[in-house]
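Below is one structure, written out as structure tokens, with a few remarks after it.
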Amino acid sequence: MRSIARLVIAAVFLTVLALSAMAQQKTPSPPSDRPTEEKREALRMKMEAIRIARLTEELNLDEKTAVKFIPAITALDRQRRTLFKENLETLREMRTIMNAPQPDEGKLKAAISKIEKNQHEILSLRSKEFAAIKDYLSVQQQARYLLFHQEFQREMRGMVESARTGVSGAGPGQNRGPLRGTSPRGQ
């Protein structure tokens with residue numbers, strides 16, 4: 001099992017390094033406080049690599065299960081990210097429309113419909129995720145997955161917030177009490 005986890009970690013790490021190298025070879029970005037799209041993508045890939053490695057370890061996935069399960073949930077996550085990104089772009093467009101002296105109701109209706117359609121698709125993807133965890137994981141692994149997913153999201157939000165504010169927060173691997181048999185308060 002440990003060799004599988006190492007293999008998965010190594011593969012993901014090499015992918016992240018290759019993508020980071022490619023992103024750095026692109027044209028230099030203008031200096032600003034906001035990270036560039038390439039930097040955000042490189043960070044997202046690193047976070048994904050950490051998530052997959054920790055998830056593989058947390059669920060104690062064997063090679064056969066990991067080879068089927070990890071790509072299934074990764075594809076669903078990619079689709080979900082695309083829909084969230086579309087929603088953000090649509091909301092920006094909607095804001096621009098609303099700032100016009102005479103907002104175009106037809107464009108607003110189209111934007112609202114697009115967001116509604118994406119929300120339905122996001123819910124559908126969540127159902128597909130539950131189907132995948134039921135298809136590939138034992139009941140205990142399913143519970144661990146759901147707990148892990150919630151904890152990892154909280155850790156990532158804390159890291160993003162601490163990066164924005166400069167205040168040190170929970171890093172990867174911290175606050176993992178519920179999945180390690182301890183209470184959230186560390187008792």
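The values are calculated or read from the model by the stated rules, or taken from the named source; none is laboratory data. This one's a predicted model, so the numbers in the text were calculated from it and none came from an experiment. So basically every Cβ, Gly included, is an ideal-geometry build from the backbone, and we count neighbours across all protein chains shown. For accessibility, only protein heavy atoms count, side chains too; no ligands or nucleic acids. Shrake-Rupley method; radii C 1.70, N 1.55, O 1.52, S 1.80 Å.
Assorted remarks:
Results for (1) open to solvent by 100 Å² or more (accessible area, probe 1.4 Å); (2) not charged (D, E, K, R), shown as yes or no for each residue.
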{"residue": "Arg51", "(1), (2)": "no, no"}
{"residue": "Leu59", "(1), (2)": "no, yes"}
{"residue": "Ile73", "(1), (2)": "no, yes"}
{"residue": "Arg78", "(1), (2)": "yes, no"}
{"residue": "Thr82", "(1), (2)": "no, yes"}
{"residue": "Lys85", "(1), (2)": "yes, no"}
{"residue": "Leu91", "(1), (2)": "no, yes"}
{"residue": "Pro103", "(1), (2)": "no, yes"}
{"residue": "Ala110", "(1), (2)": "no, yes"}
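- Top-ranked residue of the range 61-71 - restricted to ones that are among the aliphatic types (A, V, I, L, M) and in a helix (DSSP H, G or I), ranked as most open to solvent (accessible area, probe 1.4 Å): Val67
- Any chance Ile97 is under 18 Å from Phe148 (Cα atoms) and in a helix (DSSP H, G or I): no
- Answer from Leu43, Leu88, Leu108, Leu55 - the residue that is at pLDDT 95 or above and under 16 Å from the mean Cα position of the chain (by Cα): Leu88
- Pairs where the first residue, in the range 114-126, is over 19 Å from Ala75 (Cα atoms) and the second is open to solvent by less than 80 Å² (accessible area, probe 1.4 Å) and in a helix (DSSP H, G or I), C-beta under 6 Å, 6+ apart: Lys114/Thr90; Ile115/Asn87; Ile115/Thr90
- Failed item in (1) closer than 25 Å to Glu89 by Cβ; (2) at pLDDT 80 or above, with Val160 passing the rest: (2)
- Screening the candidates Phe69, Phe84 for the property of being among the aromatic types (Phe, Trp, Tyr) and more than 24 Å from Leu137 (Cβ to Cβ) yields one hit, Phe84.
- Of all residues in the range 127-158, those satisfying the criterion of being open to solvent by less than 60 Å² (accessible area, probe 1.4 Å), closer than 17 Å to Ile52 by Cβ and in a helix (DSSP H, G or I) are Glu129, Ala132, Ile133, Gln141, Tyr145, Phe148, His149, Glu151, Phe152, Glu155, Met156.
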